[in-house]
Protein chains: 2
Amino acid sequence: MVVRWDASIVDDLRLVEAEITKSVRSRQPLLTEIATHVINAGGKRMRPGIALLSFHSVGGKDKEKIIQLAAAFELIHSATLVHDDINDGADTRRGTIAAYRKYGLQRALIAGDFLFVQGFRLGGAMEAQEVVEMVAESCTAMAESEILQIEVERRSATPLDTYMSIIGGKTARPIEASARVGAYIGGGSTDEIEALGRFGLNIGYAFQIMDDILDLTGDRKTLGKPLGMDILDSKANLPLMIAMQGHYPGSDRIAEVFEKDRKTNEEINETLDLVQATDALDIARSQAKDLRDAALDALKAISPSKYKDSLIALAGTVLERTY
Amino acid sequence: MVVRWDASIVDDLRLVEAEITKSVRSRQPLLTEIATHVINAGGKRMRPGIALLSFHSVGGKDKEKIIQLAAAFELIHSATLVHDDINDGADTRRGTIAAYRKYGLQRALIAGDFLFVQGFRLGGAMEAQEVVEMVAESCTAMAESEILQIEVERRSATPLDTYMSIIGGKTARPIEASARVGAYIGGGSTDEIEALGRFGLNIGYAFQIMDDILDLTGDRKTLGKPLGMDILDSKANLPLMIAMQGHYPGSDRIAEVFEKDRKTNEEINETLDLVQATDALDIARSQAKDLRDAALDALKAISPSKYKDSLIALAGTVLERTY
């Protein structure tokens, strides 16, 4: 029997959804509509899930705060998705039309700001300075990595540690923050907070690397967007970078297309084929697996519980994801 | 002798600048550069000034928190300016090239998010929930009014109360929040907090109406931007709306140009002339004066001090402003 990773927190996640719905209710119906569009296109609720599971796995009792914070993480995440889509020129997000395509850049930009504010509002309504600082620090890291990502666009020779900084800031550290905040609010010990933070960080890295792999090999229907978006946008992507920087027969051509300002569909398909002819995808998958293992290893410090089992199950889904 | 309104808080404002400079320091130098560009183009520091003066005028003692909050208000204000410039397609801001023109839309969008985060970080680092809520509520109101402003673009028949809602959300309420937070942190009584809030709100309204007037009659050199931007962008502007909705000889033509998708320079100059041929500017100026008087009236509840004198002086500058 397949048990979903979030089976142990289904009721909690429902409360998080209610909190999110309440938070995006605005005196301007259009703002509610755009925010709801974005929230609904959001997907996995991984950040709230990890926050809740971390909370419970250290024996957290009073759920009210962590429900609010879990909602805050999802709202902030959604805000960055709206702004990312504007910056990436993405047409769709999980098969749904991107907010800025549907509502225009101006309205989407403001809806992103609104989601940020609502997230901070929930996150800032905590008496604990530590929590505000964790949330703010992860948001700062996100902005910094977005800038870095733009800096290295079209640079085929971007070092792998720069890549790790980028995905650390944009994906791994925000997920780490969800885990840390969950453990902190749940009353976890310093060791438990560290362990769950390490779990979140490594799962975040693994998740993003799988995201990169899916962009090059996924099923476009399941994915809800065209393949090769990172090639089109010349964005740092692990297997792509390995394939460009390795000494494969196609490396130079991949780099050439990557560095171009505009690419044709043919060039993108050609690049996808060239990458798939290397072992770059396998290398990237193996790195994702190592990171997943590091995440699981971190959980050794956590006592057994159904919530810990859920975290383990979640770690399992990361490598199996198809969208 | 002319005494500047901020003479009584010059040292405090210097501390606020230091706090802002510290806050925009990032691990990504480019992010620091863009944020600094925006902060330097910012101008009057009215929000920090009103927060500080409200704090002192109720006898506030420990300055540390209000310095941080004053910086937070300016950071959040700057964030909205970057995003506004993107949305308005503005070329310059106070004679300085707009951030998105200099650094590109993507980087400017992220720098705006970064400024938001840094503002919230400072504002959220307060133990008082009330303060976080005041800051968050004013940010929510800003987003709502920006959406409303876009909704009524090119609608010459926008009711004046909708106009008041727009400028309330985007200008008056954030300034009200600065005043309220200052009075609250300064330990003011409920009456004092209300009075200073009312001062800020009314000054905010008056300030924005003068802004509208300057867009139609100012000196383009002093202003640092071309005249008639609100005509070009078809944005709600009080004298423009009075001129369109009144029964002046030029009303229909003004409305016609206002409703156009694109306008020529000739049409904008023609519209400026037509507006100036009405008494709409005088009516708007008289409304600004009434609001300024309401602001001064609110100060009656505040005991005499050099800080109260500064607030009165500030109110005086609002009607005299040339940029």
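Remarks
- Selection of segment B:51-83 for residues being more than 15 Å from the chain's Cα centre (by Cα) and of a type in the set (D, E, K, R) yields B:K61, B:D62, B:K63, B:E64, B:K65.
- Checked against (1) assigned to a helix (DSSP H, G or I); (2) more than 21 Å from A:R107 (Cα to Cα); (3) of a type in the set (G, A, S), B:G187 meets all criteria but (1).
- Failed criterion for A:T278 (all others in (1) under 20 Å from the mean Cα position of the chain (by Cα); (2) surrounded by 14 or more Cβ atoms within 10 Å (Cβ to Cβ); (3) not in a helix (DSSP H, G or I) hold): (1)
- Check on A:A141, touching a helix residue (DSSP H, G or I) at 6+ places or on another chain (Cβ under 6 Å), small (G, A, S) and within 14 Å of chain B (Cβ to nearest Cβ): yes
- Options A:T96, A:T158, A:T140, A:T162: the member that is among the β-branched types (V, I, T) and over 20 Å from the mean Cα position of the chain (by Cα): A:T158
- Boolean, A:T190 is over 19 Å from B:L115 (Cβ atoms), within 14 Å of another protein chain (Cβ to nearest Cβ), β-branched (V, I, T) and surrounded by fewer than 19 Cβ atoms within 10 Å (Cβ to Cβ): no
- Unmet requirement for A:S165, which otherwise passes all of (1) surrounded by fewer than 24 Cβ atoms within 10 Å (Cβ to Cβ); (2) modelled with pLDDT under 95: (2)
- Some residue of segment A:263-272 being free of Cβ contacts under 8 Å to residues at least 40 places away in the same chain and of a type in the set (A, V, I, L, M, F, W, C): no
- Residue match in segment B:108-129 (condition: more than 9 Å from chain A (Cβ to nearest Cβ), part of a helix (DSSP H, G or I), more than 22 Å from A:T140 (Cβ to Cβ) and in contact with a Phe, Trp or Tyr (Cβ under 7 Å, 6 or more places away or on another chain)): no
- Residue satisfying all of: in segment B:282-298; hydrophobic (A, V, I, L, M, F, W, C) and surrounded by fewer than 18 Cβ atoms within 10 Å (Cβ to Cβ); nearest to B:M46 (Cα to Cα) among these: B:L296
- Cross-chain or 6+ apart pairs with Cβ under 8 Å, segment A:192-220 first and more than 27 Å from A:D279 (Cβ to Cβ) and modelled with pLDDT of 95 or more, then aromatic (F, W, Y) and part of a helix (DSSP H, G or I): A:I193/A:Y184
- For first residues located in segment B:9-27 and free of Cβ contacts under 8 Å to residues at least 24 places away in the same chain and within 14 Å of chain A (Cβ to nearest Cβ), partners that are in a helix (DSSP H, G or I) and surrounded by fewer than 21 Cβ atoms within 10 Å (Cβ to Cβ) and lie 6+ apart or on another chain with Cβ distances below 8 Å form the pairs B:R25/B:T32.
- Selection of first residues in segment B:42-54 that are within 13 Å of B:R94 (Cα to Cα) and of second residues that are not in a helix (DSSP H, G or I), restricted to Cβ pairs under 6 Å at least 6 apart or on distinct chains, gives the following pairs, ordered by first then second residue: B:G43/B:R94.
- Against the test of being of a type in the set (A, V, I, L, M) and more than 9 Å from every other protein chain (Cβ to nearest Cβ), the options A:A79, A:A98, A:A136 yield a single qualifying residue, A:A98.
- Test: B:V82 is touching a residue at least 24 places away in the same chain (Cβ under 8 Å), surrounded by 22 or more Cβ atoms within 10 Å (Cβ to Cβ), closer than 30 Å to A:A72 by Cα and among the aliphatic types (A, V, I, L, M): yes
- Of all residues in segment A:178-200, those that are farther than 18 Å from A:Y307 by Cα and in contact with a helix residue (DSSP H, G or I) (Cβ under 9 Å, 6 or more places away or on another chain) total 0.
- Residue match in segment B:297-310 (condition: under 30 Å from B:G95 (Cβ atoms) and either at pLDDT below 95 or charged (D, E, K, R) (or both)): no
- In summary, B:G316 fulfils each of the numbered conditions (1) surrounded by 14 or more Cβ atoms within 10 Å (Cβ to Cβ); (2) modelled with pLDDT under 95 with the single exception of condition (1).
- Residue within segment A:228-241 that is closer than 30 Å to A:K65 by Cα and either modelled with pLDDT of 95 or more or not in a helix (DSSP H, G or I) (or both) present: no
- Residues considered: B:V135, B:V117. Of these, the only one that is under 30 Å from A:E146 (Cα atoms), without any contact (Cβ under 8 Å) to a residue 40 or more places away in the chain and surrounded by 24 or more Cβ atoms within 10 Å (Cβ to Cβ) is B:V117.
- Set B:T278, B:T271: member being hydroxyl-bearing (S, T, Y), modelled with pLDDT of 95 or more and touching a Pro at 6+ places or on another chain (Cβ under 9 Å): B:T278
- When segment A:146-166 is limited to residues that are without any contact (Cβ under 8 Å) to a residue 60 or more places away in the chain and more than 8 Å from chain B (Cβ to nearest Cβ), the one that is farthest from A:A79 (Cα to Cα) turns out to be A:P159.
- Cβ separations smaller than 6 Å between residues 6+ apart or across chains give the following pairs from segment A:303-316 residues that are more than 19 Å from A:A206 (Cβ to Cβ) to residues that are buried (at least 17 other Cβ atoms within 10 Å of the Cβ) and small (G, A, S): A:S305/A:S57; A:K306/A:S8; A:Y307/A:S8; A:Y307/A:S57.
- Checked against the criterion of being touching a Ser or Thr at 6+ places or on another chain (Cβ under 7 Å) and of a type in the set (V, I, T), the candidates A:I39, A:I20 yield just one match: A:I39.
- Checking each residue in segment B:193-224 for being among the polar types (S, T, N, Q) and surrounded by 23 or more Cβ atoms within 10 Å (Cβ to Cβ) picks out B:N202, B:Q208.
- Helices (runs of 4 or more DSSP H) (entirely within segment B:3-65) containing at least 2 residues that are farther than 22 Å from B:G188 by Cβ: B:10-23, B:29-40
- Test result for B:E146, assigned to a helix (DSSP H, G or I) and surrounded by fewer than 24 Cβ atoms within 10 Å (Cβ to Cβ): no
- Considering segment A:87-105, and only residues there that are crowded, with 21+ Cβ neighbours inside 10 Å and part of a helix (DSSP H, G or I), the residue that is modelled with the highest pLDDT turns out to be A:Y103.
The values are calculated or read from the model by the stated rules, or taken from the named source; none is laboratory data. Treat the numbers as computed from the prediction; the structure is a model and nothing was measured. Neighbour counts run over all protein chains shown; Cβ positions are idealised from the backbone, glycine included.
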